[in-house]
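Encoded as structure tokens, the structure appears first; notes follow it.
Please treat every number below as a calculation from the coordinates, not as lab data. No experiment lies behind these values; they were computed from the predicted model shown. Reconstructed Cβ throughout: ideal geometry from the backbone, glycine too, with neighbour counts over all protein chains shown.
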């Protein structure tokens, strides 16, 4: 009997899963997931991602009738031992593109081949492989628009999604004793992925997790959010956002599925501009992965080397105020509190809070990257690193450093009725719209009538916007 191992990674789904489809050629399949906190080193999953993973593994295990083997340890040891234990002749997985995973998987293939086990990787996480989208001279793109227009739209069409297999011949008897010395924990609960303190209560009420939930989320967005997406996605309280990013990150849905379903819905509804905008957002994810693939130092080093000499400030009080959503600027604070409560933040607000940290507070982008890595359920190494470098002005195709998002004017423009602010900064709810975007500028009488005492109920602004902007521009000029 031919037996294969299907190694699930960031592809926790049955539909449109090329590795699973290839593994079906065998008569018997062992499905396994391994939490690898060894090779990941500095890029172990953050707390919010582990919370999501726990529930996503439960969903996948249910889809596999409880036959998902879940382990923790080093795949370089576990998979060869497991393959010998169950007498598997093949191991299949879908490719990931983080530098540490690329290096580990290359070594793993070599080790499996040395013991005559066929190891095959497949494309499932991206629309195009990084090496498929290059300039005519063979070099990778460093600017997004030509990457999208010339590299992607003029290239091969994204593949057609594969239907979920009707039946999977799952192997259900694993001789765990044969490789017990290689593994610390077995089973989803034994991994202790959930937080030790119940800070995830609001997260539990915010998300539905798993492949079916991802498909439902996509369908809801296409029905209610695609029409008007190009403009509406900028307003945090509107429905014109997909909220698919964590589902993409854990592979509960594929980008091919989203691309094809959006294409159908956009053409049927004649939402040409909205469709193009949504698909460009899918391609931004591709661009980030391309940047990371060709620049493995992206998470730690400035792509623009002149920023190596940038005079960053070091103010722990400012950083903590930003992390806690206590800066005195309601849009910034609402965004940071949404992040803590839900593991997610609206994209427009992400740009505002990022700009405020690196420009108004002159705090190194590494601190923002680290906080997001721990707090985001969609924490993705490529997107997180590329986006923080973008907002800091030191990355590829970066936002100009002199572009400083004003949190007050951004709030007045994109949250005019302050519904987003009132949701996440309820202590300001009684302030009139005219002053709620910048309480530090409100007359004392207005504050008194709203029952707000600055410095007690809500903090005073920790920096003055004009002065801090000027300081940031001076710092940039010093380069």
- Task: Taking the chain as the reference, fit the longest principal axis to its C-alpha atoms, fit the long axis of helix 99-114 to the helix C-alpha atoms, and give the angle between the two in degrees, 0 to 90, nearest 10.
- Result: 0
- Query: Given 4 °C and 1.567 mPa s, how large is the Stokes-Einstein diffusion coefficient of the stretch 97-152 in µm²/s, with Rh as the Kirkwood radius over Cα pairs?
  - Reply: 96
- Query: So how tilted is helix 465-477 from the main axis of the chain? Cα-based, degrees 0 to 90, rounded to 10.
  - Reply: 60
- Measuring from the longest principal axis of the C-alpha atoms of the chain, the long axis of helix 255-269 (C-alpha) lies at a number of degrees, nearest 10, equal to 60
- Note on the structure: Rg from C-alpha atoms of the chain, normalised by the globular rule of thumb 2.2 N^0.38 Å, equals 1.03
- Expected sort for 355, 478 with the fewest Cβ neighbours (10 Å cutoff) up front is 478, 355
- Percent relative contact order of the chain, based on C-alpha pairs within less than 8 angstrom and at least six residues apart? 17
- Mind listing the Cα extents of the stretch 342-440 along all three principal axes, in Å, largest one first? 41, 30, 19
- Query: What's the Cα-based Rg to Rh of the stretch 388-471, Rh via Kirkwood?
  - Reply: 1.06
- Report relative contact order for the stretch 111-263 in percent, whole number only (criteria: Cα-Cα under 8 Å, sequence separation at least 6). 26
- Note on the structure: extent check for the stretch 306-371: Cα max minus min per principal axis, descending, whole Å, gives 35, 22, 18
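Hey, what's the Cα Rg ratio for the stretch 1-148 versus the globular rule of thumb, 2.2 N^0.38 Å?
Compactness ratio reported: 1.12.
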- Query: In whole angstrom, and with the biggest value first, how far do the Cα coordinates of the stretch 1-50 range along each principal axis?
  - Reply: 40, 22, 12
- Item | Label zone at residue 100, where the point sits 7 Å out along the Cα-to-Cβ direction: the stretch 297-338 residues whose backbone N lies under 18 Å | 297-301
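Helix-derived [θ] at 222 nm for the chain: sum -39500 (n - 2.57) over DSSP H runs of at least 4, divide by residue count, nearest 500?
Helix-only estimate at 222 nm: -13000 deg cm²/dmol.
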- Message: As a test, work out the antiparallel percent of DSSP beta bridges whose residues both lie in the chain, rounded to the nearest 5.
- Response: 10
- Item | Cα radius of gyration and Dmax for the stretch 305-477 (Å) | 15.8, 51
